[in-house]
Structures are given as structure tokens and as C-alpha cells.
1. Hey, can you tell me all the residues within region A:431-450 that are buried (at least 17 other Cβ atoms within 10 Å of the Cβ), within 14 Å of another protein chain (Cβ to nearest Cβ) and more than 20 Å from A:P205 (Cβ to Cβ)?
2. Say whether the condition of being assigned to a loop (DSSP other than H, G, I, E, B), modelled with pLDDT under 90 and closer than 30 Å to A:Q439 by Cβ is met by at least one residue in region A:302-310.
3. Can B:G228 be described as farther than 18 Å from B:G157 by Cα, more than 16 Å from ligand 2 (Cβ to nearest atom) and without any contact (Cβ under 8 Å) to a residue 12 or more places away in the chain?
4. B:E221: in contact (Cβ under 8 Å) with a residue 12 or more places away in the chain and away from ligand 3 (no atom under 16 Å from the Cβ), yes or no?
5. Within region B:329-349, how many residues turn out to be outside any loop (DSSP other than H, G, I, E, B), more than 16 Å from ligand 1 (Cβ to nearest atom) and closer than 23 Å to A:D53 by Cβ?
6. Against the conditions (1) surrounded by fewer than 21 Cβ atoms within 10 Å (Cβ to Cβ); (2) within 27 Å of B:C296 (Cβ to Cβ); (3) of a type in the set (A, V, I, L, M, F, W, C); (4) more than 14 Å from chain B (Cβ to nearest Cβ), where does A:F130 fall short? Just the number, please.
7. Somewhere in region B:328-346, is a residue within 27 Å of B:V196 (Cα to Cα), within 19 Å of the chain's Cα centre (by Cα), within 13 Å of chain A (Cβ to nearest Cβ) and modelled with pLDDT of 95 or more?
8. Take the conditions outside the structural domain of A:N436 (by TED's automatic domain parsing) and surrounded by fewer than 18 Cβ atoms within 10 Å (Cβ to Cβ) and apply them to A:K287. Does it pass?
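The values are calculated or read from the model by the stated rules, or taken from the named source; none is laboratory data. Just so it is clear, the model here is predicted, and its values are computed rather than measured. Don't worry about glycine lacking a Cβ; one is built from the backbone with ideal geometry, like all the others, and counts go over all protein chains shown.
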Amino acid sequence: MEMETKSSICPGCSIGCGLYLLQAEEGEERKIKILHRPTSPMNEGKLCKFGTDLHMYYEREVLNNSVEGGEVKQEEAIREAKERLKGFKPDELAFIALPSTITNEEILSFVSLASEFGCENVSFGFERFFREIPEEASYIIERGLPFSEVEKATKIILFFLDPFVHYPLLARRILKAKKNGARVIEVSFAKNERKIADEVVLVEPMEIERIKEKKEMFADSLIIGELTPYTDSQFLALMLWLTASTSSRLFLFKPFLNSTGAILFGKGSGRGDLSEIIEGIERGEIKALYSLETDIAGAMLGGEEVAETISKLDLLIEQNAFRTPLSDVANITICSEPFFMKKGTIVNIEGRLLDIGGESEKGLQAMESMGKGRTYEEVHEEVKRKLGLAEISEFEIAVKREEKSFEMAEPKAEIEEIKGEEGYFLRYKTNPFFWNGIQSKNFVEISPAAMRKLGLFRGDEVEVVQGERKERMGFKISELPDYLILSEAKMSIKPLYVAEPHRMEMLTRVELRRAKR
Amino acid sequence: MKLKSKYYLAWAKDEKIRKKGANGGFVTATLVSALENDFIDAALVFEKKSVYEGIPVLTSDPEVVKKCAGSLHGVPINLTRFVVEYAAKKRIGLPTKPCDARGIIEQAKRRQVNLDNIFMIGLNCGGTLHPLRMREMAAVFYGLDPDSVVREEIKEGKIFLISEEEGGEEKEKWMKIDELEQKGYGRRDACKSCTVKIPTMADLACGNWGVPQGEEKTFVEVCSEKGGAIFENAMESGYVEAEEAPGKGIEARKKIEAGMQKLAASWKERMDEVSTLSRSERFEFYVDELKNCIHCGACKAVCPVCACEDDSKCLDMNDERDSYAISMYNVLRIFHLMDSCIHCGQCEDVCPVDIPLTLIQRRFSERMQRHLGYVPGMDITEKPPLYETELRWSARVE
Ligand SMILES: Cc1cc2nc3c(=O)[nH]c(=O)nc-3n(C[C@H](O)[C@H](O)[C@H](O)COP(=O)(O)OP(=O)(O)OC[C@H]3O[C@@H](n4cnc5c(N)ncnc54)[C@H](O)[C@@H]3O)c2cc1C
Ligand code: SF4
Ligand code: SF4
Ligand code: SF4
Ligand code: SF4
């Protein structure tokens, strides 16, 4: 038995932790083992649970090439995909890719493939934000900051973000900043259970905007927040306004590994937004969808409805390495390689251009053979040219950011009243498992008051209710305001702005009951 | 030929191996010989990517083994779990620092590997450095571009960095380890306080201590019959040459070892933040550190003495829904490893929230091990006092 050890990157979130992936073949069996890689500057040899258990992510069932459910050779699936796509008008087409496992090179290839068909509905999940904010502020969405800046900061504001949960490998940087003397302030609905902050500013769900009254607190700070496809526009406007009016810096984390690469290389005019694309499908205007390694039903809340919407398509093409609920209903599936096998690069949230470490060009070549027919090297050169780089080094920050001052109108509108069941607010706390369609928890966190009110005992279960939807869950007692429920588990319950997906928030009104014993 | 003595100066006959080797290239030549002469099916060695990175490779190709000669002080990876994972049923040979060898012996006691199939070529160990701290060190204290450093060496209490300047010229700079460590750089904390410096629990113990200055030779102590057998075979088949070590060298080696052990003991005392605290302060310290645990499971996954896998006691009692100040996972892990922890620092190295796990574990295990008179990983015939070896039902080997 020979053992092969590769340097690789964890696709779990935009930090892009480095690791070693060991593969050993013994007879038929291929074993994958994850090992820590101390040389990696992003994570210094550490991984969160997602990274530690990454072998399981790679041990999922692989996807076959197929046309209408029948297994075919890859060339045939590709030929069929190209032929069928030609049958639609450009505005009936959409291309989406949430950039978790997608390389910079694939992004360029994907964008160019879409343009071959004249399609302008290309989404990587973040398009609408660029339309909603002043052009001068777009660098904040586009670029992150190196972790050394976090460690050096003197004042850090955690803005509705629990680093231990959302971006686990960020937490130690904040702990280091604290050791270096930084003051950490947490603005949140509930206190961080690990008490990371020196000061906690609790905000009531209906009064988020009142944080404006505490503007002085933000002066000269590093605000750390999050931008996801769910982020409410007003919430982003609030973060930007606080930044602009207090000469602070804003560091926005994003869930998908290559979010920065996708934003940089997917940039261009006429890109559609994810929620608009879903609406377009719902209205029957978009009839064909090319989905690249994206299980939208699995990644998004309310997956059942998304799946229902998707079923209205005339043509669904899914290119992926593994089987997903979406690939099961796709008309055509094109098999690509698992992420670690890919030849290509990504840009992490710090702006490091990272080599993934694999040798396969399968996914890229599938797209190129339908499009321009370029070689990997040609596309890779374009990546380097666009970044103005001659060489790749994980130790350099390739995508740097320069702080600029910008004007931002004070967000005036009150956050709309959140409709729904009386009683409790549910807030989803997203973690890398959440975004990668893996259920990692089977309980919600509730307040001691809620426990008393419902007469709960150890071992009981609760029901979280939203209209027709009901979820039975375990519970954990946490130090929360009486009305708050936190969930890292993905449930069928979702924010109420379904009709307007771009107004979605991670907060919704629900009822809480004791489940029948 | 039978080896007459216990101590030798030995070197690779192949000049290329000898040059590339850390000292005399003995370790590499012996592994190559063991492969060629069918003592082992594969060797587990480190392929050098840079001075800051070595990747473990399991190979049956002697050429790969030759490429991997040389010591990498910036590679703090412990090889035990590789041996368990990939070589439980193979005959393998590998270089082992004391903590590698000790981990493997503890696994053998728990029937996860069969020592008869493992040839441990021990390396004396003054300690490893964290590769990223080493890069910083090169930049800050040596004034070098970290990427220009092509070689490193540790000798006579100094760390030498050799950089390649433009035009291919090599430049050597050094600093005293002591000085670097006062400034918070140098070796990992676990290594600073590690008192096992010569791996006599391995089959051979190799190093540079005791080698006359300027000579490209490896000092070898023969520690087991198996070790003697591959050594003899390497000589007989022409891979290795050896001479008996002079008494002066043997004495010098002993003296350095004792000095290093003394230094380690003083580091241990200096770094021990816990013992001097009052009981309530100490509890606060534990809570303050362990509350940050995100239950990634990495500390368990890398621990060279943990053999539980699916039978993990620490997981059995843990429920993420509990709101205890310290989770059952952490409490049980500390207790379950009390008799067998070798204080290698792997858990602390991988902890994503930087909990000083080894320090905390040490507080419990050292007293326990002293009380029981048990030093883990030193002797295969000594069973761990908790006697778990007899309770196992998931042995990988007979
Ligand atoms: C981290 C470290 C610290 C050391 N400290 C001392 C010391 O203080 N005093 C002393 O006398 N000797 C020390 N040694 C041993 C010494 O450096 C030589 O390895 C030994 O003398 C054998 O020399 P050689 O030329 O025969 O080995 P070589 O033929 O060069 O073979 C060395 C083997 O070790 C492997 N190796 C390289 N780096 C590591 C690593 N980090 N962990 C495990 N295996 C590795 C290589 O892949 C190679 O197979 C240390 C070695 C290491 C790796
Ligand atoms: S999920 Fe994110 S934080 Fe966790 S190991 Fe992967 S990249 Fe690192
Ligand atoms: S723990 Fe001891 S044996 Fe292991 S690397 Fe450190 S000094 Fe060497
Ligand atoms: S508990 Fe930590 S220090 Fe002890 S043997 Fe395990 S990994 Fe090493
Ligand atoms: S490595 Fe650290 S965070 Fe992970 S389980 Fe162990 S103590 Fe907890």
C-alpha cells in the first residue's frame, strides 16, 4: 500500500484552512485521512470540526454523468447539455454557482461559458449588494483583510457574529488581539456563551437600528460582520453607515470558500442576483439553469420550496462531484472531480491566492469544451494577469485592500415589523456545516425562562412552530433573552420574507411548545 | 558478523546519502538497506518541501527514502497515528523522535500495532520548532527573507539558518537558542519541557551528540535485538560503515543529555502557570481556557496515545446540549489519558482556539504517573495502570 500526501485547502468557509489530505489505496478501498498542516499561514495547523471531519465530506456518493436519468459517457452529457442550452433564448437561461468548491479558473470558464450563450443571469450569490451600495464602498464587499490586521486591532466590534460558530478559525485571532490589549465589544441579540467580549451591547430584534445611537462606541474600530446571500440590505447599509461615519474599518466574512475569487472574477455588467434568478424561475421566465457544484436546495433555508421552484424548469444541468438532492432531479448531470483533486486556485478572505494542490482539470475542461476550448494554463494565466501576479505564494496577500472614505446616507427606514407567530424569535446561527448542506446539530438553544414557562425537563424535546411547519428538536439552556431561540440546526422554518427573498433575514417569529413525551 | 558493542559511530557508504544526511546519513542508508533486504515493506519518512515543511510519505521506493534524508526541525508532526492507520499490518521502518516511539509503544500495548513489524530508528531530540514561528524568526531576528532560507541546523545550542543569496551564494547566520527562547521563539513549549531526549525505547537511537566535531558520522546506540539486526544487515550488505564509539564520545553524549534534561525540568517549572495558583484560581483558569473549546475533536484525533476511535469514553459522556462550565468531553479526556499522556504537545498544536491543553493535561497526568511509578511509552512490557489494554475489543492486530 502506498500512501499519497497532498497539501490541500478546506472548502468549508472563506478562511480556506490548509491541511494535508492523505490517500491510501488498499485493494478496492480508498481511504482518506485529514492531517493538520502547521505551515499553512491561514490556520497555522489548526482546523475546526468541519475541517477535522473533512474526509466524511469527501466520502459522499459520487455523481455520474447522465441524461434524463440514464448514465452516459461524459462527452455525451456535455454534447447534450450544449445542444439543449442552445434551444433557449439568452434571457431564459441562468447560471449559478455558490463558490464553495469552485476555483478562480472555473469561475472565469463559467462566466465565459454563460456569455457564449448570451446569458446575463450569472450569480455567485453576492450580486445584489453591489447595486445597493455606493460604488466607493464596494471594496468592502469585494476584499477582506489579513488576519494580522485582526491581531493588531485595538478595538474590535463583533457585529452579530459569533466567531466560534460562524468562522471558527477567526476566534483565535480575536483571542490573540485581546492578549495584545484589544478591547472587544460584542453587538448582538445574545451574549456570547464563551464570553469573548469585554463589553456586550444587547439589541432587541425589533430595534436593531437603535444601535445608531451608540455610534461613538464604534469610533476607530475594526468592525467584524458577515455577508451572506441572506443578509438584509438595510442591515448592510447600517454596517456601512457605522463604518463610514466613525472612521472604522469593516471586515465582512462570507460563507463560501472562494467568495472573494467569485466576486473578483465574476464581476461584470448585467449579472443577475440569486434571489432574482429564483424568482425568475418561479415566474416561468427563466427556463433553463446551469448549476455549478451548487446544491441550492441544500445550502439555502427553505430548501423544499427552492426544490419545488427548481422543478418548474424545462432544463436543469447540474455539474458536481457528488450526488445532491438537486442532481437527483437534474435533466443532465456532468461529473466533476472532488475539490481536493482540482488543479486551480482560490482567493481566501484574507486575500491570499491559494493553490488547491490537485492535478485534475475535469470540471474546467467540461465547461471549456462547451465554450471557448481554452487550456487550463491559458485560463490560469488570465487569473494571474487579472491579479497582477507573476507567482503564487500562500505567504503573500495577493488581493490587498486600501481603505477609502465614502459617503453613506443614514439608513432611516425602521426594520420592518417581523410578522409571524407571537412569542419567540428564532435566529439561525450559521456554521460551515450549515452552508455545505450538512446537518450538524439536532437541538436549539432556549432561555431558562422559556424552559420554566414550558415546564421542560432534561430529556424533553421542544417543537418549533411556524404556521404549518413544525420541527421537533432537542434543546440546550443558554444565557439568552427570554424570547430568543438560537439554532445551528437547519430547519424547515424560515424567515417570513419568502415572497421577497432578498429581504430575508436570519430572524423569524415562531411559537415554541413542549413536544409530547 | 555480530555487533560487539552498544555504541557506534556509523555512516552511509553512499557519499550522496552521507552528504544529504543530517549527520552521517546512517538512518537513511539503514532504511534503504532494510527495504532492499526485505526487512520492511515500506518506510515512513518526511519529504522536504522547504525548511519549514516536510510531508510524511509511506513508500517502498528506496529512491524516495534517499530523497528524504536530513533533519527538519520545523516539522512537529508526530508519526504515531500514521503508523496505526496505514501500517497496522505491514512491516515498516521509520525514524522516530522519542515522542513518536513512545506513542507507537503505547499503541502497541493497546494492540493497535504489532511492534514485531515496526523498526523504530530513533532520533535524539532536542525539540522541534513551529514552522511559522521559524519563518517569523528568520525575518525578525536573522533579517532574512524567510523564503531564501534553504537549510537549517541546530548545534551547540545555536540555530543556524543558511540562506541562498542572489547569484547562488550561501550565507550562514546563527543565534543562540536560549536568547530566542527568552524572546518567545525557539522550540515548541512541549519540547522545551520534554525530558526524554534519547529514544532508547526505539530499536536504535541515533544522533549527533558524541560525534567528534567536524565528522560526518551518526552516533548510534543499539537498543534492541531488532535494531542490531537491521544495523548488522546494513553493514553486511554494504550500505553502512561503522566503528565503535570512543569512550569520550559516549561520555560527552551522556553529559549533554543530562544537561538537556535539567534544562527541560527548569522550563517545565517556569512554564507551569497552574501549580502556584490557589484552588479556586486554578479552577477559574481551567474554565477560562476550556470554555473556548469548540468540540472539533482534533485533540483526540492527533493524540498518539489515544486508541479509542469509536469506543471513545470522552464522547460517550458528552452531550452538546449540556451547559457545564467545562464540557464532559474535556474532563473525561483529561482523566482518561492521565496514566498515558506523553506530553508531546500535539493536542495543543492543533487546538483551533489555542487552549493550553498540554499544560492542563500535565497538571493531572504528571502527578498520577509519578504516584503510580509509570512512565508511558518507555517499555512495552509495562502495562498502563488503568489496565485498559485488557479491556479492548477493537484490536487491530492479534
Ligand atoms: C527535530 C529533530 C531534533 C533533533 N535533535 C537532536 C539533538 O538535539 N541531538 C542529537 O544528537 N540529535 C538530534 N536529532 C537527530 C539528528 O538530527 C539526526 O537526525 C540523526 O543524527 C540521524 O542522522 P542521519 O544523518 O543518520 O539521518 P538521515 O539519514 O539524515 O535521516 C534522517 C531521517 O529523519 C527524518 N526526519 C526529518 N525530520 C524529521 C522530523 N521532524 N521528525 C521525524 N523524522 C524526521 C528524515 O525523513 C530522514 O528519514 C534531531 C532530529 C530531529 C528530526
Ligand atoms: S470550515 Fe473554515 S474554519 Fe473550519 S477548517 Fe474549514 S476553512 Fe477552516
Ligand atoms: S516532545 Fe520531546 S521528543 Fe517530541 S519533538 Fe518535542 S522534544 Fe522531541
Ligand atoms: S494528551 Fe496531548 S500531550 Fe498528551 S499524549 Fe495526547 S496529544 Fe500528547
Ligand atoms: S482541539 Fe481544542 S477546540 Fe478542539 S476539541 Fe480539543 S480542546 Fe476543544
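1. Listed by number, the residues that qualify are A:N431, A:P432, A:F433, A:K441, A:F443.
2. Yes; the residues of region A:302-310 include at least one that is assigned to a loop (DSSP other than H, G, I, E, B), modelled with pLDDT under 90 and closer than 30 Å to A:Q439 by Cβ.
3. Considered against the rule, which asks whether it is farther than 18 Å from B:G157 by Cα, more than 16 Å from ligand 2 (Cβ to nearest atom) and without any contact (Cβ under 8 Å) to a residue 12 or more places away in the chain, B:G228 comes out as no.
4. On the way: in contact (Cβ under 8 Å) with a residue 12 or more places away in the chain: yes; away from ligand 3 (no atom under 16 Å from the Cβ): no.
No.
5. Total satisfying the criteria: 9.
6. (2) is the only condition that A:F130 fails.
7. yes
8. no
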